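Report on the following structure.
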Amino acid sequence: MIGAVVLAAGRSTRMGTQKLLLPLGGQPIIVSIVDELLIGGLEQIVVVVGQDGAQIQQVLCGRQVSFVENYIPGDDMLSSVRCGLRGLPMSCEAILVALGDQPGTTHELVSGLIRAFRLTNRSLIVPAHEGRRGHPLLFAACWRDEVLTCHDGVGLRGLLDSHPDEIFEVAVATGRLLEDLDTPEDYQRHLKSTRG
């Protein structure tokens, strides 16, 4: 079984409003991403929430996900990854870490990462476009303790840097799939690209 950690604890200060609740394709961004993970075959999904957790839980009501809270507001992404890891069962053979604000996270991409994990002998699976890596990132459960105890200040990049021979890159057709939404300009640009 492969579990997923969805990072949704950010404060969206650059966006000026909770970006995960902005509409995308007729529903909030976070709903679109969680739905893609579910379609992609992930059965255990933990959504890590912060100060807007009640609103995020409300829009995800009825979906097969669980929630954990990151009680350290403003802390780095790694603290949320760790919160999510602790909320997943130990029986997970691998963990996929997805960003709650990355609309390029599709079920096709998720399925491709899982397929690469199954078919290669690599334990770190990352999407990449022209040498640029991004999320979602999938890592085998053998790295769970390392993620929980190491790489402060650098996050999951530290895990990749420490084990380059374990990395398998899954090529994606466009760098747009790896982009997240941080600012109003990012959001408007993404809306235009989906319309055109």
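The values are calculated or read from the model by the stated rules, or taken from the named source; none is laboratory data. A quick note: this is a predicted structure, and the numbers were derived from the prediction, not measured. Positions of Cβ are generated from backbone atoms using ideal geometry, with glycine treated the same way; all protein chains shown enter the neighbour counts. Accessible surface areas use protein heavy atoms only, side chains included; no ligands, DNA or RNA. Shrake-Rupley method; radii C 1.70, N 1.55, O 1.52, S 1.80 Å.
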Where residues in the stretch 54-67 are of a type outside the set (S, T, N, Q) and more than 27 Å from residue 150 (Cβ to Cβ), which of them is most open to solvent (accessible area, probe 1.4 Å)?
-> 61
Counting only residues that are more than 13 Å from the chain's Cα centre (by Cα) and in contact (Cβ under 8 Å) with a residue 60 or more places away in the chain, which one in the stretch 88-107 is nearest to residue 22 (Cα to Cα)?
-> 88
Matching residues, the stretch 9-29, being at pLDDT 85 or above and within 12 Å of residue 180 (Cα to Cα) = 20, 29
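Somewhere in the stretch 109-117, is a residue touching a Phe, Trp or Tyr at 6+ places or on another chain (Cβ under 6 Å) and more than 29 Å from residue 192 (Cα to Cα)?
yes
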Considering each residue of the stretch 21-39, count those that are open to solvent by 10 Å² or more (accessible area, probe 1.4 Å) and within 20 Å of residue 96 (Cβ to Cβ), and give that number.
-> 5
Spot the failing condition for residue 186; the list is (1) at pLDDT 75 or above; (2) out of contact with any Cys (no Cβ under 7 Å at 6 or more places or on another chain), and only one is missed.
-> (1)
Selection within the stretch 68-101 - buried (at least 21 other Cβ atoms within 10 Å of the Cβ) and polar (S, T, N, Q) | 70, 80
Residues that are open to solvent by 40 Å² or more (accessible area, probe 1.4 Å) and touching a Gly at 6+ places or on another chain (Cβ under 9 Å), drawn from the stretch 172-187 | 174, 176, 177, 179, 180, 184
So which of 34, 47 is in a helix (DSSP H, G or I), in contact (Cβ under 8 Å) with a residue 24 or more places away in the chain, within 16 Å of the chain's Cα centre (by Cα) and within 27 Å of residue 129 (Cα to Cα)?
-> 34
Which of the residues spanning the stretch 102-154 are open to solvent by less than 10 Å² (accessible area, probe 1.4 Å), within 17 Å of residue 85 (Cα to Cα) and in a helix (DSSP H, G or I)?
-> 147
